[in-house]
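Heads up, the thing below is written out as structure tokens.
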Amino acid sequence: MVNYRKYISSVAVLASGFFLAQSTVSTVLYSQAYDNQKNTLNLPSPITSVAEKTMLSAKELVDINVNTMMADPVLKNATWGFVVYDPKTKKVISSYNENTPLVPASTTKLLTTETALNLLGENYRWMTQLEYSGTIDENGTLNGNLYVVGSGDPSLGTNKAGAWSYRDIISDFMSGLSREGIRKVNGDIIIQTALFKGNITRLPENVVWLENNNYYLPVGTTREIDPANEKLIVKKSGTASDKKYFYVSPYANQMVYAEKYNGDGILTTKLPDAPAYLANTFRTTLVKSGIGVTGKVTPKMTDAAPESRKLVAAYKSPTLGDIIFYTNQHSDNSLAEALLKTVGFQKMGDQTSESGRIVVTNHLKEESFDMMGLNYIDGSGLSRSNNVTPISQVKFLTSLMDEKYYKTYFTSLPVGGQSGTLKRMFIGAGNGQVFAKTGTLNKVKTLAGYLKTNSGKTLVFSLMVNNYSGSVDMVKKRMEKILEPALDL
């Protein structure tokens, strides 16, 4: 918290030096509006004049702005915390409620993406392969099966982070068949991937179902999330198999879509089955191109007696570094949740969110993360049950500055006034100097990352606001106001 004795001293200097030239210096400590309201806090108001800014240090200006915000109508009834930290001296420069657990929203992705980088490496790639079994006769008929072998690539077919589209991947597969001389397939197209398949787990606690008109329902079931108040709406199409299931979530009070209704008020969703979509589209393309396929597309989770197979084509995903760049720049929830499942699979052998959470929290403990106040529920930050303290965020971000992948991690963060989710913040002061992950839920706005000062220093900060009044744009402006004097530290 701020020591007011420093400001009394500073104001005394101002009063003696500028009393005759200034009509008043009372605005250094007091807002006239608050005086009129007989505000007993006597909190300082924003520093505006050149004289005032000249006489106060950058740290004092930061502290005064922080304390001013305590009485600001937008923030005075909010729960919020702030820390700006010097990674070289390992000391807090200024703080407010630094040990208070707060909902971090999408700054949760800072933990998820760093864990993936640490455990998998920035050059990690997912492979999706086309293989065949059996033999090819003189007429070009494959008497055997085609295999689409996936590895859980979260970017497959999405065009995200430079990933190929389904059309591009299928074109490459078709070229591979042409090289092998295959003109007909007398067999099935088998999908073989154990990742993310059949993964029906409960959804994260208190998850945000619909935010800013975007559908965010992640993989899982509504079981154990008290769906008693959910209203199921079944919209029938031409046939029973074409039913579409909708329901009204008690958490957002809006209608969202679910893929399956299990009965008894339980709805289930799943990650898009990218390998299945790829395989079915591939089969359709083969048939349209005159390459007959006698069999069907079928999944094969396990294979006790695998056939001998030959590789036809292999598609490599973008690197993990590229995917993390896209995830943090765009705050992509589906990629973040997939990364959570990937680290769970790599370390524990199954692809559930529960395993991913165990892996992330264990990793954080090993890295001496301050676990006090941490509640890590999902990989994306959509759950309102996530909690973290501002001080733990800045110490975590500080610890990464010595990691070999720090440059990749740092580069993935949006830049104030220039890129990603920060492109419309820090248009003026701080433009190109704030490198941070944003977070936004209804009545939650957060920002955590690094700040390059005007003197060339790198500072680390966390600023999280929960339950504010007014609009999110109002909160953004106040965030900018708090951080602006920190540029001169």
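The values are calculated or read from the model by the stated rules, or taken from the named source; none is laboratory data. The model shown is predicted, which means the values in this text are computed figures rather than measured ones. Counting neighbours? That spans all protein chains shown, and the Cβs are built from the backbone with ideal geometry, glycine included. Just the protein is used for accessible areas: all its heavy atoms, side chains included, with ligands, DNA and RNA removed. Shrake-Rupley method; radii C 1.70, N 1.55, O 1.52, S 1.80 Å.
Test each condition in (1) open to solvent by less than 30 Å² (accessible area, probe 1.4 Å); (2) touching a residue at least 24 places away in the same chain (Cβ under 8 Å); (3) not acidic (D, E) for G417 and report the one that comes out false.
Answer for G417: the failing condition is (2).
Just a yes or no: is a residue in region 134-152 outside any helix (DSSP H, G or I), farther than 16 Å from A313 by Cα, of a type in the set (V, I, T) and open to solvent by less than 40 Å² (accessible area, probe 1.4 Å)?
Yes: one or more hits.
Kindly establish whether K437 is open to solvent by 10 Å² or more (accessible area, probe 1.4 Å), among the charged types (D, E, K, R) and modelled with pLDDT of 95 or more.
Here the answer is no, as K437 does not meet what is asked.
Name the pairs whose Cβ atoms lie under 7 Å apart, with the first residue in region 118-130 and closer than 13 Å to A161 by Cβ and in contact (Cβ under 8 Å) with a residue 12 or more places away in the chain, the second charged (D, E, K, R) and buried (at least 17 other Cβ atoms within 10 Å of the Cβ), and 6 or more positions between them or separate chains?
W126/D153
Criterion first (in a strand (DSSP E or B), at pLDDT 95 or above, closer than 14 Å to V74 by Cβ and touching a Gly at 6+ places or on another chain (Cβ under 8 Å)) does K445 satisfy it?
Considered against the rule, which asks whether it is in a strand (DSSP E or B), at pLDDT 95 or above, closer than 14 Å to V74 by Cβ and touching a Gly at 6+ places or on another chain (Cβ under 8 Å), K445 comes out as yes.
Quick check on N77: is it in a loop (DSSP other than H, G, I, E, B), at pLDDT 95 or above, within 36 Å of the chain's Cα centre (by Cα) and closer than 30 Å to K443 by Cα?
no
Have a look at G379, G430 and point out the one that is farther than 22 Å from V74 by Cβ and assigned to a loop (DSSP other than H, G, I, E, B).
Of G379, G430, the one residue that is farther than 22 Å from V74 by Cβ and assigned to a loop (DSSP other than H, G, I, E, B) is G379.
Can you tell me how many residues in region 288-332 are closer than 30 Å to L110 by Cα and assigned to a helix (DSSP H, G or I)?
Total satisfying the criteria: 11.
Considering region 249-292 alone, what residues qualify as being at pLDDT 85 or above, open to solvent by 20 Å² or more (accessible area, probe 1.4 Å) and in contact with a strand residue (DSSP E or B) (Cβ under 7 Å, 6 or more places away or on another chain)?
The answer is N280, R283, V287, I291, G292.
Could you please let me know if L413 is in a strand (DSSP E or B) and not β-branched (V, I, T)?
Considered against the rule, which asks whether it is in a strand (DSSP E or B) and not β-branched (V, I, T), L413 comes out as no.
Given (1) under 20 Å from T327 (Cα atoms); (2) touching an Asp or Glu at 6+ places or on another chain (Cβ under 9 Å); (3) without any contact (Cβ under 8 Å) to a residue 24 or more places away in the chain, where does S462 come up short, assuming only one miss?
Tallying (1) under 20 Å from T327 (Cα atoms); (2) touching an Asp or Glu at 6+ places or on another chain (Cβ under 9 Å); (3) without any contact (Cβ under 8 Å) to a residue 24 or more places away in the chain, S462 fails exactly one: (3).
Looking at region 448-472, which of its residues are over 21 Å from M69 (Cα atoms) and either open to solvent by 10 Å² or more (accessible area, probe 1.4 Å) or part of a loop (DSSP other than H, G, I, E, B) (or both)?
Passing the criteria: K452, T453, N454, S455, G456, K457, T458.
Taking G121 as the residue in question, decide whether it is closer than 29 Å to D172 by Cβ, among the small types (G, A, S), surrounded by fewer than 22 Cβ atoms within 10 Å (Cβ to Cβ) and within 19 Å of the chain's Cα centre (by Cα).
Yes, satisfied.
Among (1) under 19 Å from N375 (Cβ atoms); (2) open to solvent by less than 10 Å² (accessible area, probe 1.4 Å), there is one condition K395 misses while meeting the rest; what is its number?
(2)
If you go through region 310-337 one residue at a time, how many are crowded, with 20+ Cβ neighbours inside 10 Å and out of contact with any helix residue (DSSP H, G or I) (no Cβ under 9 Å at 6 or more places or on another chain)?
The number of residues fulfilling the criteria is 0.
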